[in-house]
Amino acid sequence: MAVNSHPLVRVFPGSRCSLLLVMWGLLGCIIMFYFYSTIQHQSKGERQIGLNYLAMTRELEEVEEEYFHFPSPRGKRSPRAFKRRGPRKPPSVIDEFLDESSDLRPFFFPDHKTAIDPRKDDDVNRYLYPGRLWLDTEGNPIQAHGGGILFDERKETFYWYGENKDGPTYHAHSKGAARVDIIGVSCYSSKDLWTWRNEGVVLPGEETNLTHDLHRTNVLERPKVIYNDKTDRYVMWMHIDDVNYTKASVGVAVSDSPTGPFEYLYSKRPHGFESRDMTIFKDNDGKAYLIYSSEDNSELHIGPLTDDYLDLTNEMRRILVGQHREAPALFKYQGTYYMITSGCTGWAPNRALAHAAESIMGPWETMGNPCVGGNKIFRMTTFFSQSTFVVPLPGLPGSFIFMADRWNPSELRDSRYVWLPLRVGGVADEPLEYNFGFPLWSRVSIYWHRKWRLPDGWRNVQT
Ligand SMILES: *[C@@H]1O[C@H](CO)[C@@H](O)[C@H](O)[C@H]1NC(C)=O
Ligand SMILES: *[C@@H]1O[C@H](CO)[C@@H](O)[C@H](O)[C@H]1NC(C)=O
């Protein structure tokens, strides 16, 4: 074990240029938000809120530059990793990441001793550590992978839904991807997005009925839940597949309560097309949409749900055609729609891209990599993770949490959560469209932090 006493990470001195850029960017943001908060406090006549708001956005925007030390010489590696890489190619950091015997392992998957543990909460130490184990209020690791968050306004509670992968990882056959049998969809509840209470498996897998979509030998991924105001029901959409990913369908379940139990209704191929990674998005006007990777993951499709959210309408648009994107996460800010996606490289991490659109049905434009800070490897691998959801922070307009999964293909149940602050502002990297010479889109930035927290009292800012 070559992970020595001095940390694997340190300030990277050679990046003055990018630091300078970041500093200017920050200055710009701070000035913008100063004006914004001034306007806000003038309109509300509450100076205090404006000042608090400024401090909060500053705290969310801090950026860290990091630098890897490769421990050397490296110890022996697993035969599986050797096979993957072949004998000649030098190991890349991604190879190290995927190699369960790599000396860098504890850097990507820190052990239990460093877990985020709400039972030790002393109210000043509510930090999020992307990649560390995250325990629930009973001290068990949170099992909510490929997840999403519903904010229930009436209950003022956040519900985190995700795949429970707490079973053995195996390969169904020699060509099959690493997998875990379906256990079901977990739900956790929280008031502060830090302390999570396990509400149990709200949609369990099926043990006996072999022809059931949720039979444990099938695939259930990326469950997302939205609330329907008209029917007063909670509707879950998810990716349903067989072990070889040939079914490529979406499944729908419904419940009267956010904590279930959810009743599984059916699966189908949306608009008659293949559907793999997917998400749903509920707009301010109550209209909801399904977005899914299709045509062999070469493009995304988007279409509105019916009013009860239990089915799709016939309307569909192809977006990001030929771009081979998956893991879509949608959000909206000041009337513009944004989406983060990943490339398609199985469990291996890759570069995220941000996209924007004036109308949710498109056209969508690609703006570039939203990741800021860390170092180049971090930015080119979405901080060794894959997007799954973007959470708007109630009461902090323009501030979001980017939720991603750091998959651990050799032990999927030990996959980690990477949550980071996301902000919209500044000029996009690749603004393809201009309006009277001004770029149409704002930059989406996801800031790397080894450690960060939501500002004190952020829940009190809600008005
Ligand atoms: C098994 O599941 C299928 C598909 O959901 C269903 O049609 C069938 O009735 C189920 N069989 C039993 C015995 O529950
Ligand atoms: C999946 O693929 C493997 C190998 O091609 C095959 O043996 C198996 O029967 C397939 N399983 C299903 C459920 O299609």
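Read-outs: derived from the displayed coordinates by stated rules, not from any lab. Owing to the predicted nature of the structure, the values given are computational and were not obtained by experimental measurement. Note that each Cβ is placed from the backbone with ideal geometry, even for glycine, and that neighbours are counted across all protein chains shown.
Could you list, in their original order, any pairs among K282/K451; K120/K155; K120/K451 whose Cα atoms are separated by more than 22 Å? Each step should come with its number before you reach the end.
Details: K282/K451 31 Å; K120/K155 26 Å; K120/K451 17 Å.
Table pairs above 22 Å Cα-Cα are K282/K451; K120/K155.
Could you tally the net charge around I446, taking each other residue with its Cβ under 10 Å from the Cβ of I446, Lys/Arg +1 and Asp/Glu -1?
+2
If Lys and Arg each add +1 and Asp and Glu each add -1, what is the summed charge of the other residues whose beta carbon sits under 10 Å from the beta carbon of P394?
Neighbour charge sum, excluding P394 itself: -1.
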